[in-house]
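Read the structure below first, then the notes.
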Amino acid sequence: MNDMTTTTENTVENTTETPAVLDASGVTMRFGGLTAVRSVDLKVHAGEIVGLIGPNGAGKTTFFNCLTGLYVPTEGKVSYKGTVLPPKPHLVTQAGIARTFQNIRLFANMTVLENVLVGRHTRTKEGLWSALLRGPGFKKAEAASHKRAMELLEFIGLEHKADHLARNLPYGEQRKLEIARALASDPGLLLLDEPTAGMNPQETRVTEELIFAIRDQGIAVLVIEHDMRFIFNLCDRVACLVQGEKLVEGTPSVVQGDERVVAAYLGTPFEGAPGAEEAAEVEAAEEAQGTTSKTSTTSTTSPEGETP
Amino acid sequence: MTTDTTQTAETAPANRNSRANMFRWLTLAGGLATTASTFLAWTYTDEFPGDLTVYGYPGGLQVLTLVAGLLTTLYALAALDIKGLRWLAPTGTTKALRLLALGALGTTWFTVIAIAVELGGMVNLEPGGFVAAVASAIPVAAAFQLPDDTRKAKRPKELPSWAEILIIVAAFAIGLFVVTYGIDTEYAELFTGYMITAGFAIAALFKAGLMARLSALTTKYRSIAVAAAFVAAAAFPFTQNTDQFTLIAVNILIFATVALGLNIVVGLAGLLDLGYVAFLGVGAYTAALVSGTTASAFDVQFPFWASVLTGGVVSLIFGVVIGAPTLRLRGDYLAIVTLGFGEIFRITVGNLDGVSGPQVTNGPNGVPNVPDLVFFGYDFGESHTIAGIELGSYANYYLLMLLAMILVVLVFSRAGSSRIGRAWVAIREDETAATAMGINGFRVKLIAFALGATLAGLAGTVQAHVQSTVVPEMYVFAGPVPPNSAFLLAAVILGGMGTISGPLIGATLLYMIPAKLQFLQDYQLLGFGIALILLMRFRPEGLIANRRAQLEYHETDQLDVPDKGLTDSGVGITKAGA
């Protein structure tokens with residue numbers, strides 16, 4: 001644990017001149033008796049890609065929802081660039097944090113372009129009156145929004161599908177579109193909830209480059225992901241959440257080498273676990289059985305059933 | 001042996017072709033025979049409405065059969081590739097022919113059966129009636145033997161723009177004529193025949209691709225098309241001699257305007273409002289109370305512009321007051337609460353009679369004797385002569401209501417295609433995602449709700465003067481006379497959610513059918529129930545689909561969009577990675 005804290009402190013020292021883009025301190029979320037997130041601290045600095053990993057049910061998405069105001073944290077506070085965020089999703093987005101969802105939540109029956117335009121909502125001000133009166137200001141703002149939206153579609157490579165319905169896009173493109181929609185609100189911090197879930201390795205690589213390109217625009221990124229190779233390639237810093245608590249935080253190599261992380265994912269070997277000797281013994285016994293009654297054994301004694 | 005097989009292979013398509021052509025000629029002959037049969041007498045007596053007893057002169061329902069027969073003939077000629085008629089069917093003739101033949105059959109057989117049933121037996125039919133029945137069956141039998149020739153529409157020939165504009169004007173003139181004919185039908189049989197003929201003919205024109213061609217033209221000259229539509233609508237009262245049908249038209253306009261207002265709330269923002277008619281009531285009561293009628297509790301007489309403003313503002317306040325607590329609810333809960341508020345309005349108004357509560361609205365007796373509007377000395381209650389045509393008092397209201405509808409159409413289209421409109425649709429699609437995109441869900445929904453309420457209130461102020469009496473029972477949830485909340489919602493869904501023309505058409509149908517088919521009174525709600533179920537099964541997007549809904553329910557249509565980007569998923573990297 002000491003090792004861990006030093007690494008985080010190092011990174012903090014490097015960037016102390018500016019306040020962290022995201023500073024969550026002591027965030028706790030309780031649902032009745034269940035504590036889904038327990039006093040988690042996390043900082044994200046400008047130009048950083050931070051990963052958040054953890055086994056299923058560790059509270060990663062709950063933590064995300066606390067950050068973006070979908071949940072009001074029971075304890076703790078979240079601040080963005082030094083100001084404490086109000087617990088309302090639209091105000092959080094207005095402040096400069098945009099997000100995507102674990103299960104894609106596009107506006108399925110709107111076109112690709114309209115989806116991105118909706119993302120521009122907080123950065124434009126035209127209300128009902130200006131829409132009804134259609135003054136020059138309205139046209140200008142509308143044209144500017146269209147231009148920015150098309151730029152973003154070009155950025156993710158979907159400009160040729162601007163008029164398609166979002167629901168008719170292939171899965172990978174829907175994921176990309178969700179990112180473009182989030183980027184449309186000109187965020188300072190982008191939260192990605194499992195951006196490569198269900199993608200093939202090639203698509204994952206594309207997403208990786210996309211996230212690097214987003215970082216290069218000066219947007220800090222916080223990613224939840226299960227794909228370890230992806231996360232360790234991508235991130236400058238990784239935090240591991242287990243059962244609602246932050247277990248480790250540090251550079252990818254540090255987290256990768258931490259046996260507690262491995263244990264959290266794969267479980268610890270218990271006391272009477274079969275060693276190499278026992279395994280060999282069982283194998284030999286199975287082989288012997290197999291030679292005596294080759295035909296009948298396969299169904300009655302399956303090897304998976306035998307080894308604990 | 002080999003030569004033999006090749007020969008049959010070559011002749012088979014030719015055979016099939018000649019067979020198809022034979023049926024096309026048969027359809028043509030049937031169409032002509034149907035047309036000709038309308039010039040015969042179908043019955044002996046003139047007891048059956050319309051004059052079907054004269055040889056050489058089609059009357060009443062025969063005219064409808066004549067139209068259907070002529071259209072069948074025309075499309076049969078187009079199917080035979082007669083030069084100059086190809087434009088009739090850009091996407092193929094067979095399906096259109098089948099529908100037209102069915103329309104002619106339906107109208108003819110309906111007439112013949114109606115004669116036999118109403119006059120008591122087949123003996124009342126002249127031979128002409130039997131001829132017509134047989135003749136109209138021929139095209140149906142033949143058309144269903146035709147091979148399907150559905151094709152993709154070719155790029156239409158470029159016409160000079162004046163010709164295209166002329167086509168739009170002609171189309172709207174025809175539209176005006178068809179709608180006027182429907183409103184002017186004098187007896188239920190004629191209206192039923194009209195519905196059969198018009199329904200099949202319009203469906204046929206859609207299948208033939210002619211409507212798609214027309215809508216392409218109207219999109220191209222959008223402002224001209226909109227102007228033509230409103231000129232056609234404004235021309236309606238000039239075609240009327242009496243006020244009888246103008247009153248129906250005024251009521252249709254009120255109904256349609258309110259339905260369009262509801263479409264903002266339901267179609268765009270996705271808020272299921274089951275008490276919408278209450279806002280119409282708020283507007284109507286406000287206008288009635290400030291109209292200077294002796295029955296009003298307030299001794300004031302506002303000029304019309306002021307009473308419109310008052311009605312709108314009071315409705316707006318009611319909209320906000322009702323919306324603010326309820327719009328935090330979603331889906332079914334919102335529907336139930338709005339239903340409750342709608343009923344609360346009606347019952348409250350019924351109790352403000354000086355006995356159960358303060359005397360404001362005269363309770364169930366309502367506010368009678370709402371005077372006619374006077375607009376800068378122009379009395380809406382009197383007849384005026386414009387351009388040599390005398391316009392009755394309802395014509396004045398018709399034109400005023402048309403202005404109100406133009407306002408609502410303008411509000412709908414402008415709000416719909418703007419930042420706020422996109423926010424409404426986003427809220428409808430996924431409220432959580434919408435708020436995560438920075439949309440203040442509550443505020444945006446409240447704007448939609450209040451806007452809808454205000455527009456309904458505006459319509460209500462005119463309604464009070466048209467009806468001259470305002471009673472609580474006009475604003476029930478469901479009742480036999482539109483507009484009520486259930487019918488408003490039905491008009492929106494039937495016509496097509498999120499479109500402008502959809503609710504207008506839906507409201508027109510829902511008002512005309514009960515008004516014209518009085519004998520259906522008892523079965524009306526049953527009929528609408530069945531019609532809605534059938535509609536949801538076969539055309540869930542409504543009669544008029546907006547672009548989104550069309551794509552939503554008929555995914556194959558998406559293939560029309562050039563789809564070159566499926567294979568180049570890697571292209572994205574180059575730009576993003578750069």
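The values are calculated or read from the model by the stated rules, or taken from the named source; none is laboratory data. On a predicted model such as this, the values are computed, not experimentally measured, just so you know. Don't worry about glycine lacking a Cβ; one is built from the backbone with ideal geometry, like all the others, and counts go over all protein chains shown. Calculation scope for accessible area: heavy atoms of the full protein, side chains included, ligands and nucleic acids excluded. Shrake-Rupley method; radii C 1.70, N 1.55, O 1.52, S 1.80 Å.
With the Cα gyration tensor of the range A:110-182 giving a ≥ b ≥ c as the square roots of its eigenvalues, does the rule (a/c under 1.5 for rounded; else a/b larger than b/c for prolate; else oblate) give rounded, prolate or oblate? Here the range A:110-182 falls in the prolate category.
Classify chain B from the C-alpha gyration tensor, please: rounded if a/c falls under 1.5, else prolate or oblate depending on whether a/b exceeds b/c. All intermediate terms of the calculation are to be shown ahead of the outcome.
Values: a/c = 2.19, a/b = 1.35, b/c = 1.62.
Taking the square roots of the gyration eigenvalues as a ≥ b ≥ c, chain B is oblate.
In the neighborhood of A:Glu48, defined by Cβ-to-Cβ distances under 10 Å, what is the net charge if each Lys or Arg adds +1 and each Asp or Glu adds -1?
Cβ neighbours under 10 Å give a net charge of +2.
Counting other Cβ atoms within 10 Å of each Cβ, which chymotrypsin sites (Phe, Trp or Tyr not before Pro) in the range B:51-110 have at most 16 and sit in a DSSP loop? Passing both the DSSP loop test and the Cβ count: B:Tyr55. Straight-line cross-link reach from B:Lys445 at under 17 Å between alpha-carbon atoms covers these aspartates and glutamates, not counting any fewer than eight positions away in the same chain: A:Glu126, B:Asp273, B:Asp332, B:Glu429, B:Asp430, B:Glu431. From most to least packed by mean Cβ count within 10 Å, the peptides A:139-150, A:243-254 give A:243-254, A:139-150.
Note on the protein assembly as shown: Cα-only Rg and Dmax are 35.0, 113 Å. Legend: distances between Cα atoms for A:Lys81/A:Lys161; A:Lys81/A:Lys140; B:Lys95/B:Lys220; A:Lys43/A:Lys246; A:Lys125/A:Lys147; pairs beyond 24 Å are A:Lys81/A:Lys161; A:Lys81/A:Lys140; B:Lys95/B:Lys220. Distance from the Cα centroid of the range A:242-261 to that of the range B:290-359 is 62 Å (rounded to whole angstrom).
Note on B:407-416: average number of Cβ atoms from other chains within 10 Å of each residue's Cβ is 2.
Taking all protein chains together and a probe of 1.4 Å, list B:Arg24, A:Arg123, A:Arg181 from the most accessible to the least accessible. Let's see the in-between values first.
On the way: B:Arg24 30, A:Arg123 75, A:Arg181 0 Å².
These residues rank, largest area first, as A:Arg123, B:Arg24, A:Arg181.
Computed with a 1.4 Å probe on the full set of protein chains, the accessible area for B:Ile544 sits at about 40 Å².
Sorting B:270-279, B:223-232 by their mean Cβ neighbour count within 10 Å, with the most densely packed peptide first, gives B:270-279, B:223-232. In degrees, nearest 10, range 0 to 90: what is the angle between the Cα axis of helix A:276-292 and the longest Cα principal axis of chain A? Taking the Cα atoms of chain A, the angle to A:276-292 is about 70 degrees.
Can you tell me how much longer the chain between B:Arg443 and B:Trp109 gets when fully stretched, taken as 0.36 nm per residue apart minus their C-alpha distance, in nm with one decimal?
114.6 nm
Can you list the aspartates and glutamates whose alpha carbon is less than 18 Å from that of A:Lys77, not counting same-chain residues fewer than 8 positions off? Straight-line reach from A:Lys77, under 18 Å: A:Asp23, A:Asp41, A:Glu245. At the listed q of 0.13, 0.15, 0.16, 0.19 Å⁻¹, the Debye profile of the range A:77-228, built from one uniform point per Cα, gives log10 I(q)/I(0) equal to -0.62, -0.81, -0.91, -1.23.
Can you give the mean number of other chain Cβ atoms that lie within 10 Å of the Cβ atoms in peptide A:85-97?
Values: counts 0, 0, 0, 4, 10, 11, 3, 3, 5, 2, 1, 0, 2.
Mean partner shielding for this stretch: 3.
In the protein assembly as shown, the DSSP beta bridges split such that about 65 percent are antiparallel, to the nearest 5.
Each peptide in A:255-265, B:459-469, B:508-518 receives the mean, over its residues, of other Cβ atoms within 10 Å, and ordering these scores from highest gives B:459-469, B:508-518, A:255-265.
Here the protein assembly as shown is assigned +1 on the Cβ of each Lys and Arg and -1 on the Cβ of each Asp and Glu. Its dipole about the Cα centre then comes out at about 2400 debye.
Counting only other chain Cβ atoms within 10 Å of each residue's Cβ, the peptide A:206-218 averages 3. Taking the protein heavy atoms of the protein assembly as shown in the context of the full set of protein chains, the accessible area attributed to carbon and sulfur is 62 percent at 1.4 Å. The residues of chain B expose on average 45 square angstrom of accessible surface per residue, using a 1.4 Å probe on protein heavy atoms.
Just need the relative contact order of chain B here, percent rounded to a whole number, with Cα pairs under 8 Å and 6+ apart. Reported relative contact order: 15 percent.
The range B:167-240 and the range A:173-219 have Cα centres spaced 50 Å apart.
Out of the range B:344-418, which chymotrypsin sites (Phe, Trp or Tyr not before Pro) are coil in DSSP terms and have no more than 16 other C-beta atoms within 10 Å?
B:Phe376
A:Lys88 exposes around 110 Å² of accessible area when a 1.4 Å probe is run over every protein chain in place.
Accessible area, 1.4 Å probe, largest first: how do A:Arg134, B:Arg443 sort? Numbers along the way, then the final one.
Numbers: A:Arg134 55, B:Arg443 145 Å².
Result of the area sort, largest leading: B:Arg443, A:Arg134.
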